[in-house]
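What follows is a set of notes on a single structure, which appears directly below.
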Amino acid sequence: MSSICDVRDGTHESPRYFNSGVMFITSKNIVCGKINFTDVNYISLEDAKNIDKRSRVDKGDILMSMIGTIGNCVLVDFEPRFCIKNVALFKPQKVSGEFLVQLLFSVFYQQYVKNNLDGGIQQFISLGALRNLDVPIPPTKAEQTAIAEALNDADALITELEKLIAKKKAIKQGTTYNLVSGKMRIKYFNKQWKETALSSYLKMPVTYGVVKAGVFQNTGTPMLRGGDIKDGRINTSDVPLIADVKNKEYSRTILETDDIVLALVGYPGEVARAPEYLAGANISRAVGLIRTNGKLNNEFLVHYFNSTIGRKLILAPSAGSAQVVVNLKDINKLRFVIPGIEEQTQIAQILSDMDAEIEALEQKLDKYKMLKQGMMQNLLTGKIRLI
């Protein structure tokens, strides 16, 4: 690396911070191929000039986080007006910067970084390790540019799809609020919404699991945890298995198809409906169980609780702190204003269709990312040549 780049790092000093001045970028500000300028400190112009004597950042340079989440990179494609600390600085000399930043994001390079970390609790990658890395480089700038352009095109597709997904999610959030609040009505429903108690729709009071997060094993009963519930879905890719336990207390929280589960910790307040294939699973103490009596559309209730209105009802500040928690006693006493079950069903269908569209786009995004990884593996190792 040192034969194709000037490799150095930012200052190791901690200058005095001010409310304004020159932005001071550290490793935490380099995220997903971009620089996050929303959470930065500022230093004086005098300190900035001193730092720039050693580690001035110029357009075309590459930055990489050296501490914390190590290996995040960004190509500076604009005229920079900031200084750096605990950040590696690559100044390409005999290599295309756009090619090199793709190489730094490759599995090969990221694994090299992981294997060469120093330090104890707070690990870091040393300048020596960065300078001594052997990297595969195409012999001509023309081939480097061709590879970079192909990978940049893939990145552009991924970025546009991410923007579309973010837009769809924002639309879904607004639509959810309008539909579950009654501000937007389905035209052929004109019955007035009624205030009612959640308890009137329950087979049993809202409760929580009794299973402790103990020793997991290769066979047994799936155990749902609070962290497995997010964005109205249950992540079943990493649900652990626990030993089968048969007792009365344990059996009361065995999941049935269409049960609603509520994260008490992990992602507090996240709600999802249990699919049929999770029937027979159990829940940890970090999960609440809502079992309805059939007089309410469960999908509607999930959308309601995951809306901004529902979150306010099921989350409350923890005593003495700003942390939010779920209080099951309050949920069992909860009263809310909802439509009749026919309108609930229509609202749930509209919102579920929007969720299905978003999920399809997310699956497409995952496919694009896998294709990009395959391209990197082939193009950045010379297995496939473009020139």
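Straight-line reach from K53: taking Cα to Cα under 27 Å and skipping same-chain neighbours fewer than 8 places apart, the lysines in range are K28, K34, K85, K91, K94. Counting only aspartates and glutamates at least 8 places from K163 when in the same chain, those with an alpha carbon closer than 15 Å to its own are D155, E357, E359, E362, D366.
Over what distance in Å are the Cα centres of region 26-90 and region 100-126 separated? Centre-to-centre distance over Cα atoms comes out at 17 Å.
Among 257-270, 67-80, sorting by the average number of other beta carbon atoms lying within 10 angstrom of each residue, highest first, gives 257-270, 67-80. Ranked by the mean number of other Cβ atoms within 10 Å per residue, highest first, peptides 358-370, 142-154 order as 142-154, 358-370. Heavy atoms of the protein chains alone define the surface here; on that basis the chain has 54 Å² accessible area per residue at 1.4 Å probe size.
Percent of accessible area on the chain owned by carbon and sulfur, 1.4 Å probe?
Numbers: 10730 of 20950 Å².
For the chain, the apolar C and S fraction of the accessible surface comes to 51 percent.
Taking a ≥ b ≥ c as the square roots of the eigenvalues of the alpha-carbon gyration tensor, region 59-119 is classed oblate because a/c is 1.5 or more while a/b is no larger than b/c. The string of couplings for region 366-377 from the Karplus curve (6.51, -1.76, 1.60, θ = phi - 60°) is 4, 5, 4, 5, 5, 5, 4, 4, x, 4, 4, 4 Hz, one whole number per residue in order, with x for Gly and Pro. Solvent-accessible surface of protein heavy atoms, probed at 1.4 angstrom with all chains present, puts R335, R291, R16, R8 in the order R16, R335, R8, R291, largest first.
Compared with the dominant Cα axis of the chain, that is its longest principal axis, helix 141-181 is turned about 20°.
The values are calculated or read from the model by the stated rules, or taken from the named source; none is laboratory data. If you're wondering where the values come from, they're calculated on a predicted model, not measured in any experiment. Counting neighbours? That spans all protein chains shown, and the Cβs are built from the backbone with ideal geometry, glycine included. For the accessible areas, the whole protein counts, side chains as well, though only heavy atoms, and no ligand, DNA or RNA atoms are used. Shrake-Rupley method; radii C 1.70, N 1.55, O 1.52, S 1.80 Å.
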